[in-house]
Amino acid sequence: MTTETYNLVTVSAGVSDPSSTRLLADRATQRAVAILESRGHSVTVSSIDLRELLPELPQALSSQLMGPRFTQAIERLQAADGIIAAAPVYKAAASGLLTSFLQVLDNDLLIGKPVILAATAGTARHALVVDGEMRALFAYLRALPVPTGLFASTEDWTDKALGTRIDRAATELAILVESGFARKVRDDSWARYQHEYGSAGGTELGIDLDSDMMRLATGGSLRDGSHEPFDLRDS
């Protein structure tokens, strides 16, 4: 087996200190690290504590202008081989801090990246938020959530079943990270996605600047040397 160095990024939307949301994310991250290291790989871990981004959030949402902490968070996600995303649940919905953060991200940033989805709440009534809401959010961003979602209510912390689910989710993440799926998608299928101009750091569009349309748009001439307009319906 080839030894690789992988980058894991923990994203936590917990606002308290200490935070049960951060605790759940850290447990999943530590288990994923242990599994990857047991397979002979090196792992680096970085964390994004979304509460630290709160001062920069209004500007990012209203104008897409990123402050230094937002920029650093995006750079970490761009370099991530795997992500562990955790949020508290309020009134049957994932924290607005997490959803607002995701709304600011480029749609191309997380394509193909494996993600463990995790949520915490005071009652098991919120258990479906992971699969009913968070999975849909990350699917829209074309990330690759692992099959096992993690949810912990107050009574789950003393239940051995939580540890079993964490182990299962971490194993799924490790396998997907090892597969290099996100990198292979970008290498082999990037042009097949519908990208937005300006997303993914300018790597999202392969514009043919030598096409007749682009040559005319930039004040040049057609390949036959003429400047005659042409019918776009025939191009």
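Taking the conditions exactly as written (among the charged types (D, E, K, R), out of contact with any Cys (no Cβ under 7 Å at 6 or more places or on another chain), more than 22 Å from Leu176 (Cβ to Cβ) and open to solvent by 20 Å² or more (accessible area, probe 1.4 Å)), does Asp159 satisfy them or not?
yes
Any residue at all in region 106-119 that's buried (at least 17 other Cβ atoms within 10 Å of the Cβ) and among the polar types (S, T, N, Q)? Step through it out loud before you land on a result.
Of all residues in region 106-119, those buried (at least 17 other Cβ atoms within 10 Å of the Cβ) come to 106, 108-119.
With the extra rule that they be among the polar types (S, T, N, Q), the set shrinks to none.
Scanning region 106-119 turns up no residue that is buried (at least 17 other Cβ atoms within 10 Å of the Cβ) and among the polar types (S, T, N, Q).
So Gly122 fits all but one of (1) closer than 21 Å to Arg51 by Cβ; (2) surrounded by 15 or more Cβ atoms within 10 Å (Cβ to Cβ); what number is the exception?
The one condition Gly122 does not meet is (2).
Taking interchain pairs and intrachain pairs at least six residues apart, which have beta carbon atoms under 6 angstrom, with the first residue in region 152-181 and β-branched (Val, Ile, Thr) and the second surrounded by 12 or more Cβ atoms within 10 Å (Cβ to Cβ) and modelled with pLDDT under 95?
Thr154/Gly122
Looking at (1) in a helix (DSSP H, G or I); (2) buried (at least 16 other Cβ atoms within 10 Å of the Cβ); (3) under 19 Å from the mean Cα position of the chain (by Cα), can you tell me which one Thr10 breaks?
Of the numbered conditions (1) in a helix (DSSP H, G or I); (2) buried (at least 16 other Cβ atoms within 10 Å of the Cβ); (3) under 19 Å from the mean Cα position of the chain (by Cα), the odd one out for Thr10 is (1).
Could you pull out the residue among Ser38, Ser46, Ser62 that is modelled with pLDDT under 95 and assigned by TED's automatic domain parsing to the domain that holds Gln103?
Exactly one of Ser38, Ser46, Ser62 is modelled with pLDDT under 95 and assigned by TED's automatic domain parsing to the domain that holds Gln103, namely Ser62.
Against the definition (within 19 Å of Pro114 (Cα to Cα), out of contact with any Cys (no Cβ under 9 Å at 6 or more places or on another chain), open to solvent by less than 80 Å² (accessible area, probe 1.4 Å) and at pLDDT 95 or above), how does Val33 come out, yes or no?
Criteria met by Val33.
The values are calculated or read from the model by the stated rules, or taken from the named source; none is laboratory data. In this text, all values refer to a predicted model and were calculated from it rather than measured experimentally. FYI the Cβ positions are ideal-geometry reconstructions off the backbone, even for glycines, and counts take in every protein chain you see. Only protein heavy atoms, including side chains, enter the accessible area calculation; ligands, DNA and RNA are left aside. Shrake-Rupley method; radii C 1.70, N 1.55, O 1.52, S 1.80 Å.
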